[in-house]
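The structure appears below as structure tokens.
The values are calculated or read from the model by the stated rules, or taken from the named source; none is laboratory data. Treat the numbers as computed from the prediction; the structure is a model and nothing was measured. Here the Cβ positions follow ideal geometry from the backbone for every residue, glycine too, while neighbour counts run over all protein chains shown. We work out accessible area using only protein heavy atoms, side chains counted, and drop any ligands, DNA or RNA first. Shrake-Rupley method; radii C 1.70, N 1.55, O 1.52, S 1.80 Å.
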Amino acid sequence: MALATVALLATGCADPSGPSEQPTPYDWKLPAGFPVPRVPEDNPMSEAKVQLGRRLFYDKRLSLNGTQSCGSCHEQARAFTDGRVHAVGSTGQTHRRNGQGLANVAYATSLTWANSALTTLEAQARVPLFGRDPVELGFADQQDILLERLRADPDLTARFAEAFPGEATPVSLATLTRALAAFERSLISGTSPYDRYLYGKDVDALSPAAKRGLQLFLSERMECDHCHSGFNFQDATVHETTPEPALPYHNTGLYNEDGRGAYPIGDTGLYEITVRPEDMGRFRAPSLRNVAVTAPYMHDGSVATLSDVLDHYAAGGRARAANGGKPSPLQSAFVRGFELTPDEKADVIAFLESLTDTAFLSDPRFADPATVP
């Protein structure tokens, strides 16, 4: 009944032929059942780098007008989402999409909802910093202003030098994005009631309702675990032992504007990147960890509650109702509809709520250092 899991431990061995001053291996503090995340060779993890990234993540100087930090749209108590239908940038511009959570983002094979070209956190960090449409932090064509701000802070400059001792210019765009990425990779969530039940062998960690909901979640009737699979409840997952990262995207039948599967103009999903007709309306499936605290749902935030999410999938896609009960020709074959009794629906919701990791949501290691040193 258990989801597929791999248990690996991060270890570090000194090179017997080298000097004794080898870098200290990073302690991931991985939960049971979690593999070691894959890390770019040019950005190995270190505690100094993570701590620097944490400070930068919550630093409002990373927005041109000084009103927002990364943490403004990624709140720890909401599993690093913001609770809005659409995110709002530092200039007040409302974005077209729902803000994504960052819990276990270290394991994601691609970033954002539908960009197969963004496969590292280092590259993704440039999007909110310098993006024009939408404007998030607002530094388009003004990289020098950002770096001057950071270099003017002696304490921060010293922290950059500690985190990147081999860099001739410690404070640079490269080191900034690497530090942010290192902190984001440290955001590991895996101590929910479900984890205590499965990995901790605590048979009482899940309620009877949640146990029944787990059985339904894994059933062929609902087909949930095809897209929300493995230890992270996400099919787009990569770690140290992954042979070839997959980049799956899915059309869930949320829209079908023309009877042929069209999504609203201006947000057509992966199609925007590939221009392949079959990619219309395809988006990345997010992890379901902490899903009960990350409402609203879907790429555009158009589904308000978990109950509404289940209604969408039970109907075989929300767009069917507007098309005489016919499914979109582009939607996933796994979105075919199912029936749940009210009690069964409550059981599935109880299971999804069991994925909430309350310790993660309040872990001082991930909090704003200005309030929790």
Discussion item. I want to confirm something. Restricting to the stretch 55-76 and keeping residues that are in a helix (DSSP H, G or I) and in contact with a Leu (Cβ under 9 Å, 6 or more places away or on another chain), which single residue is surrounded by the most Cβ atoms within 10 Å (Cβ to Cβ)?
Written reply: Leu62
Worksheet item: So which residues in the stretch 31-51 are of a type in the set (A, V, I, L, M, F, W, C) and either open to solvent by 30 Å² or more (accessible area, probe 1.4 Å) or more than 20 Å from the chain's Cα centre (by Cα) (or both)?
Response: Ala32, Val39, Ala48
Discussion item. Please go through the stretch 315-357 and give me each residue that is assigned to a helix (DSSP H, G or I), under 17 Å from Leu288 (Cβ atoms) and either free of Cβ contacts under 8 Å to residues at least 12 places away in the same chain or open to solvent by less than 40 Å² (accessible area, probe 1.4 Å) (or both), ordered by number.
Written reply: Asp347, Val348, Ile349, Ala350, Phe351, Leu352
Discussion item. Looking at Ala140, Ala181 in this structure, which one is at negative phi, in contact with a helix residue (DSSP H, G or I) (Cβ under 6 Å, 6 or more places away or on another chain) and free of Cβ contacts under 8 Å to residues at least 12 places away in the same chain?
Written reply: Ala140
Discussion item. Among the residues in the stretch 194-210, are any open to solvent by 20 Å² or more (accessible area, probe 1.4 Å), under 29 Å from Ser302 (Cα atoms) and at pLDDT 95 or above?
Written reply: yes
Discussion item. Filter the stretch 318-362 down to the residues that are out of contact with any helix residue (DSSP H, G or I) (no Cβ under 8 Å at 6 or more places or on another chain) and closer than 30 Å to Lys49 by Cβ and list them by number.
Written reply: Thr358, Ala359
Worksheet item: Any idea how many residues of the stretch 102-152 are surrounded by 15 or more Cβ atoms within 10 Å (Cβ to Cβ), out of contact with any strand residue (DSSP E or B) (no Cβ under 7 Å at 6 or more places or on another chain) and in a loop (DSSP other than H, G, I, E, B)?
Response: 18
Worksheet item: When residues of the stretch 164-193 are filtered for being open to solvent by less than 10 Å² (accessible area, probe 1.4 Å), among the small types (Gly, Ala, Ser) and over 24 Å from the mean Cα position of the chain (by Cα), how many remain?
Response: 0
Worksheet item: How many residues, within the stretch 232-257, are without any contact (Cβ under 8 Å) to a residue 40 or more places away in the chain and open to solvent by less than 70 Å² (accessible area, probe 1.4 Å)?
Response: 1
Item to complete: Within the stretch 113-131, identify whether any single residue is within 30 Å of Ile349 (Cα to Cα), in contact with a Lys or Arg (Cβ under 7 Å, 6 or more places away or on another chain) and touching a residue at least 60 places away in the same chain (Cβ under 8 Å), and answer yes or no.
Response: yes
